[in-house]
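Below: one structure, written as structure tokens.
The values are calculated or read from the model by the stated rules, or taken from the named source; none is laboratory data. None of the values given here were measured: they were computed from a predicted structure. Using ideal geometry, Cβ is built from the backbone for each residue, glycine included, and neighbour counts are taken over all protein chains shown. For the accessible areas, the whole protein counts, side chains as well, though only heavy atoms, and no ligand, DNA or RNA atoms are used. Shrake-Rupley method; radii C 1.70, N 1.55, O 1.52, S 1.80 Å.
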Number of protein chains: 2
Amino acid sequence: MVTIKQVAKRAGVSFKTVSRVVNNDPTVKAENREKILAAIEELGYQPNLAARMVRKKNSDVIGFISDEISTTPSSVDILRGAQDRAWELGKTLMVFNLDHKKPTPIKLLEECRQHRAEGVIYGAMYHQPVELPETFDKQPTVMVNCFDPNVERASIVPDDQQAAYDVTMQLLNKGYKRIAFLNLNPEIVAAKLRLAGFEQALQEFNIEQSNYLVETVERVIDGHTSDVTREVAERVIEEFKPDAILCGKDLVALRLYFVLEHKGLRVGQDIGVASFDDWDCIPQLLVPALSSVALPYYQMGRAAVSRIVEMVGDKQVSTHIDRVKCQISSRESF
Amino acid sequence: MVTIKQVAKRAGVSFKTVSRVVNNDPTVKAENREKILAAIEELGYQPNLAARMVRKKNSDVIGFISDEISTTPSSVDILRGAQDRAWELGKTLMVFNLDHKKPTPIKLLEECRQHRAEGVIYGAMYHQPVELPETFDKQPTVMVNCFDPNVERASIVPDDQQAAYDVTMQLLNKGYKRIAFLNLNPEIVAAKLRLAGFEQALQEFNIEQSNYLVETVERVIDGHTSDVTREVAERVIEEFKPDAILCGKDLVALRLYFVLEHKGLRVGQDIGVASFDDWDCIPQLLVPALSSVALPYYQMGRAAVSRIVEMVGDKQVSTHIDRVKCQISSRESF
DNA sequence: GACAATAAATACAACGATGTTTTAACTTAT
DNA sequence: ATAAGTTAAAACATCGTTGTATTTATTGTC
């Protein structure tokens with residue numbers, strides 16, 4: 001690769017003068033500057049960031065460690081958001097994922113530290129508690145889509161409770177009065193929070209307990225989760241006769257659509273349906289299109305990088321949890 | 001951060017001896033080695049890869065430039081595969097994506113070159129021709145899920161033709177005799193190749209032209225693609241009366257399922273259905289589960305890194321196109 | 001116990017850049 | 001014409017490593 005000295009030789013100046021030009025130092029004669037820029041262009045010189053870093057001691061690198069990033073189709077948006085924001089701020093994202101739990105987070109963090117990453121983002125595929133090893137305290141760390149249940153650490157998570165509250169309020173405002181919530185496994189953080197938001201909205205509307213219903217559509221046996229949406233949905237419709245159903249995720253709504261089709265109930269007319277996730281690949285192509293609460297993954301990714309950069313700049317400890325607002329993608333299902 | 005000299009001081013040896021230990025040089029007394037390892041542990045020393053790189057002139061960094069990686073849920077598997085393989089080979093992947101066509105590939109490549117990436121992978125979201133700027137010739141470059149129509153360049157693409165051939169043969173071997181192919185927009189590379197594979201299999205089975213049918217389910221108006229699966233499917237079923245339908249992608253199959261449900265045709269019994277993509281989020285949850293041809297994204301990502309590393313090692317120009325075999329995920333739909 | 005042979009550590013230079021100090025080349029003022 | 005002041009370039013040190021040459025310590029042999 002071309003070095004600064006080769007450029008200097010070509011331009012007939014000392015290599016330090018080239019360094020000046022590269023770093024926009026104004027104390028360079030216009031004549032020399034032009035010669036140097038021409039030489040840079042001709043030789044295709046690119047400054048060696050590693051060498052620069054050794055000297056300047058800032059790497060502009062941010063580590064991104066992810067927990068099986070690709071398992072859900074949209075959680076990769078965290079990465080996209082982080083990537084975009086990093087680019088805007090002149091930072092480079094170095095991405096590591098730990099599929100199948102090997103390599104360990106500790107190994108990945110070591111890698112980040114060897115690259116002298118200024119901060120590290122740890123991203124999870126779904127909203128969950130994660131206990132990070134203590135070594136993560138050694139540099140600014142931001143958790144995305146997860147939080148540490150033991151230690152206070154900077155975190156960015158979706159505001160699941162507000163999301164459930166909002167969508168339930170929308171249903172109630174539209175006149176739905178008997179809402180069933182086909183929730184996910186209640187062990188899941190998101191399920192717990194959404195239930196809280198759901199009930200909060202119902203209370204505000206003074207809906208009695210007999211006029212709403214919460215059921216779980218995931219059955220866990222020996223740690224293995226199976227989906228029982230169809231049977232639960234059939235029973236709920238039969239016995240509770242809801243006028244609207246809120247689904248824990250788009251996949252539940254998809255299954256529900258088949259059940260409703262089978263029962264001859266028209267979505268949006270005979271019964272309202274809403275769900276969570278707003279995946280690219282389902283809501284828009286159901287008929288009628290499914291209204292779904294989008295998880296703000298892209299925004300969360302952006303926020304994570306912004307936060308890391310702030311932490312690096314301030315050298316301040318910031319451990320609060322950012323809850324990012326979820327938007328409802330309103331379509332025709334309610 | 002801790003430097004090698006601080007470790008040396010702590011261990012009471014010269015810093016070069018520490019370097020020896022870090023690099024597994026055997027000419028260090030066991031006694032010193034232990035003292036040094038202890039000091040490294042105590043201080044939490046991590047070698048500065050940037051400094052090492054300046055000296056050794058190899059970065060072990062591979063650049064990964066992607067064209068809107070997240071638009072389809074599974075193409076991010078390319079990244080996962082690349083990531084995993086890079087880790088196995090002791091390389092670091094530096095990921096850049098160019099959403100909304102800004103920043104330009106040229107800018108991203110410059111960034112890679114500044115980091116002295118040993119090679120660059122350019123990944124596309126779907127199988128397509130991509131004309132890379134000439135600057136990509138300056139270092140080993142591998143294209144994944146795309147190829148350059150003008151220049152011969154190392155590429156790794158899915159073998160769409162073989163995939164279509166295989167799945168069609170499976171259908172024929174199972175006794176299906178009137179197959180309709182609801183193909184994607186024929187402008188798409190994959191659509192063209194699959195059509196070829198489809199017809200190849202039919203010819204081998206001596207199926208006459210009147211016993212198969214190919215229709216396009218995507219209508220392009222002013223560059224905007226709209227999906228007309230429902231109307232096309234209804235017409236095809238009505239007029240052609242196929243005993244099996246091959247779908248251009250899972251989303252087409254999903255729509256088809258609704259049409260078939262409506263018409264009272266039972267998938268897997270009255271009619272066979274197969275498709276391409278094998279996304280995580282659709283085939284398994286349709287009833288009956290959809291058999292789909294998986295695109296080998298993960299393998300392609302791995303292969304790309306393997307290939308780059310080979311190219312870097314050999315300093316050989318390798319410009320052939322690898323076509324990676326696609327596996328059929330057989331379920332209950334045919 | 002002296003001397004060579006080997007092993008292990010140190011000393012010094014280098015990598016490609018930047019920060020600081022010094023020097024050289026011009027201006028300007030008297 | 002000379003001193004002082006200003007500007008631009010060069011010289012030198014430095015960052016945290018590794019590679020090579022050199023020195024020092026250890027061992028073996030007679």
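Annotations for the structure displayed:
- Summary for B:Asp314: label point 7 Å along Cα→Cβ; distances to the equivalent points in the other copies, ascending, 5.3 nm.
- Interchain or long-range residues, amide H under 5 Å from A:Phe276's placed H: A:Cys247, A:Lys249, A:Asp250, A:Val293
- Nearest-10 value in Å² for the accessible area of B:Ile207, using the 1.4 Å probe: 40 Å²
- From phi via Karplus (6.51, -1.76, 1.60), per-residue ³J(HN,Hα) for segment B:243-252 in Hz, x at Gly/Pro: 9, 8, 10, 9, 9, x, 7, 4, 5, 5
- For B:Leu254, neighbours were defined as the other residues whose beta-carbon sits under 12 Å from its Cβ, and their charges (Lys and Arg +1, Asp and Glu -1) total -1.
- Compared with the dominant Cα axis of chain A, that is its longest principal axis, helix A:189-204 is turned about 50°.
- B:Cys326 long-range amide H proximity, modeled H, under 5 Å: B:Asp159, B:Ala163
- Placed amide H near A:Val144: partners under 5 Å, 5+ positions off or other chain: A:Tyr122, A:Gly123, A:Ala124, A:Ile156
- Convex hull of Cα atoms in the protein assembly as shown, direction-averaged projection (nm²): 35.9 nm²
- Pairwise Cα inverse-distance average, inverted: Kirkwood Rh of segment A:248-307 (Å): 12.6 Å
- The mean sequence separation of alpha-carbon pairs under 8 Å and at least six residues apart, normalised by the residue count of chain B, gives a relative contact order of 18 percent.
- Helix B:76-88 vs. chain B, principal-axis angle (Cα, 0 to 90°, nearest 10): 30 degrees
- Counted charge near A:Leu184, where neighbours are those whose Cβ lies closer than 12 Å (Asp, Glu -1; Lys, Arg +1): -3
- For B:Pro186, label point 7 Å along C-beta direction: distances to other copies, nm: 5.8
- Each residue of segment B:110-127 is assigned a 3J(HN,Hα), and the resulting list reads 4, 4, 4, 5, 5, 7, 6, 4, 6, x, 10, 10, 10, x, 10, 7, 9, 4 Hz, derived from the Karplus form 6.51 cos²θ - 1.76 cosθ + 1.60 (θ = phi - 60°), x at Gly and Pro.
- Separation of segment B:272-334 and segment A:158-215, taken as the distance between their Cα centroids, equals 40 angstrom.
- Note on surface exposure: B:Thr319, B:Thr92 rank B:Thr319, B:Thr92 by accessible area, highest first, 1.4 Å probe.
- Using the Cβ of A:Asp227 as centre and a radius below 11 Å, the other residues enclosed give a net charge of +2, where K and R count +1 and D and E count -1.
- Accessible area per residue (1.4 Å probe, heavy atoms of protein chains only) ranks B:Leu89, A:Leu108 as B:Leu89, A:Leu108, with the largest value leading.
- Rounded, prolate or oblate (a/c below 1.5 giving rounded, otherwise prolate when a/b exceeds b/c) for segment B:184-242 by Cα gyration tensor: oblate
- Distances between copies at A:Glu88, taken between label points 7 Å from Cα along the C-beta direction, are 3.8 nm in increasing order.
- Cross-link partners of B:Lys177 among lysines, defined as those whose alpha carbon lies under 16 angstrom from its own and excluding same-chain residues fewer than eight positions apart: B:Lys241.
- Area projected by the alpha carbon convex hull of chain B, averaged over all directions, nm²: 22.0 nm²
- Rounded, prolate or oblate (a/c below 1.5 giving rounded, otherwise prolate when a/b exceeds b/c) for segment B:160-294 by Cα gyration tensor: rounded
- Pairs of Cα atoms farther than 14 Å apart, segment B:4-47, %: 32 percent
- Heavy atoms of B:Leu213 accessible to a 1.4 Å probe, total area in Å² rounded to 10: 50 Å²
- Sequence-distant contacts, meaning Cα pairs under 8 Å at least 6 residues apart, place the relative contact order of segment A:71-158 at 21 percent.
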